[in-house]
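Chemist: Structure incoming, see below.
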Amino acid sequence: MEHQFLNNLIMNFVKRSILVITVSIIILGNLTCKKEPAFYVAKTSFTIRNEKAYVDSLVRFTNNSDTKHVTFVWDFGDGTTSDSLNPSHTYTDHGKYIITLKTFVNKLFSNSSSQTLTVIVGEKLYSLKKITEGFNFAEGKDSSIVVIGQTWDTPDGSQMFLSKFDKNLRPLWVKYPDKNLSPYVGSIERMSDGNFIIAGSLDNSANSNHFSLSKLDQQGNVMWDNKYDQTNGQCVFASETKDGGIIGIGMEDTEIVPMVTVLKADRNGNFQWKKNFKKEWLMFANNIIPLDDGYLFASSTRGQYSATNSLDSLVITKINLDGEVVWKKAKEWQYYYYIIYTVFSSTIALNNNYIVVVNDGNNFVMVFDQKGNFIKRNFSDLAQNTLITSTPKNNFIIGSRNDLGINFFNNSADKIGMMSYGNHNRICQPTRGNGWALKLLLGGNFLFMGIVYKECETNTASTLLVKIDEAGTVQ
């Protein structure tokens, strides 16, 4: 009897277990029959709809990925993201950005696609009045740009202005030193303390027949303004020396014609010495380069063809730290003795191998070794070459006061190309504007500044600012 009871108990347990297992299988089967999507790898891709991407302009993206059961996360490479299907984004700084689109299926990461986007500043036009003519600039330690120039509306007359731009060439402020003054300023350069040295003065009276040097702080305020009674002329260029002082160059009036004068001051603008090159008949220099053991500049003088051109010879002069001549080398500008070329002021640059000189009056590119010995004569595509700078790769970039074009030369000063900017004037080209300044920036690019005329109206102009790389590509 006991055995029968046990057998019945076991059979009932087995039947109940089978029933539970069967019900469980049915429930699981019903659950798996729901139409939920399975995980899969989504096709992930996108396109950038802008031909060029500019700072402060919308960049639009088109999502070409699978969309069914898929969600998205965009990483724009500047610390911002989006979960939109086809987003737009504005970049506030120039540079290269890696754009990444990630896809998710059922909230699980599926795939990703990336592209590199270059955001550029582009060409910027700056207008204050009918004519806004920036003629020189300097870069601050924070990569900001301080522009000095003049502006006017007829019949108000001209006024000098100072403007500061951020590194993306957005205007930050503008100042007029004195609305009743239009003083002379030749150049502005950054000093090692972050402030700026000006060849000239913001005060008209200080420019009257005497060299002047002024120092500005980073907000454009005058720190000191010195007039040098030891001189009788105008300073056209000044920069910091290796000892932290200041070297200036310009033309000093004599009883004959203006002759080159070099003036040295200490870091506070106190006069130390000057050297006038009246006896050497050196005339018209646009700049001077501080060296470890002296200074280097280019000018012109009377040469063997002086009967036809009183300034037919180029002269490169090196002076020591006290202003005494170390060496002086000359080469006639004329290609052949019977051809007369116009000669005005010379501008000099150097790299590790060569000294290169250009002139306001012609398209010659004169190449010398480091001792001033003549090597060769090349030609620019542009006349009135005033702007020249060497590059981090020891090449040269040369610009003109006669146009908004730039010539590119390799490290041995052979021409390799040309670029033009400021194509806002589409009627009166090539007389669409003038170049005024070209300088190397801290990041390795260059800033080119000029003026752009409004179509054929030379009495209406804006200042052009454009960042370029060593190949001339707009940044």
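Derivation of every value follows stated rules applied to the coordinates shown; laboratory data play no part. Keep in mind that what you see is a predicted model, and the values were worked out from it rather than measured. Ideal geometry is used to build each Cβ from the backbone, glycine not excepted, and the neighbour counts take in all protein chains shown.
Chemist: Less than 13 Å from a label point 7 Å out along the Cα-to-Cβ axis of S112: which backbone N atoms in region 66-104 qualify, by residue?
Modeler: Once the point is set 7 Å along Cα→Cβ of S112, 73-77, 98-104 turn out to lie under 13 Å by backbone N, inside region 66-104.
Chemist: As a test of understanding, state the convex hull volume per residue of region 124-468 from its alpha carbons, in Å³. Please list the in-between numbers first.
Modeler: Working: hull volume 47.1 nm³, N = 345.
Dividing the Cα hull volume of region 124-468 by its residues yields 136 Å³.
Chemist: Rounded to the nearest 0.05, what FRET efficiency is calculated for T47 and H69 with R0 set to 25 Å and r the Cβ-Cβ distance? Before the final figure, lay out the partial values.
Modeler: Numbers: r = 22 Å, r/R0 = 0.90.
Result of the calculation: an efficiency of 0.65.
Chemist: For region 45-85, what is the convex hull volume of its Cα atoms per residue in Å³?
Modeler: 75 Å³
Chemist: Run down the aspartates and glutamates and flag those whose C-alpha is under 17 Å from the C-alpha of K329, throwing out any fewer than 8 positions away in its chain.
Modeler: Within the straight-line cut-off, K329 pairs with E280, D312, D369.
Chemist: Multiplying the sequence separation of S208 and T62 by 0.36 nm and subtracting their Cα-Cα distance, what value in nm do you get?
Modeler: 46.3 nm
Chemist: Tell me the label-point distance for the pair N459, D93, using the 7 Å Cα-to-Cβ offset, in nm and rounded to one decimal.
Modeler: Label-label distance for N459 and D93, simple model: 4.6 nm.
Chemist: Now for a separate question. Cross-link candidates for K215: which lysines have Cα within less than 21 Å, leaving aside residues fewer than 8 places away along the same chain?
Modeler: Those lysines meeting the cut-off are K141, K164, K175, K179, K227, K242, K264, K274, K439.
Chemist: Leaving out same-chain residues fewer than 8 places away, which lysines sit with a Cα under 29 Å from that of K43?
Modeler: Counting by Cα, and skipping residues close in sequence, K43 has these lysines nearby: K34, K35, K52, K68, K96, K102, K107.
Chemist: In region 46-120, how does Rg compare with the Kirkwood Rh, expressed as the Rg/Rh ratio over alpha carbon atoms?
Modeler: Reported Rg/Rh, Kirkwood definition of Rh: 0.98.
Chemist: Looking only at region 272-303, which residues have a backbone nitrogen under 20 Å from a spot 7 Å from the Cα of W224 in the C-beta direction?
Modeler: Answer for this model: 272-275.
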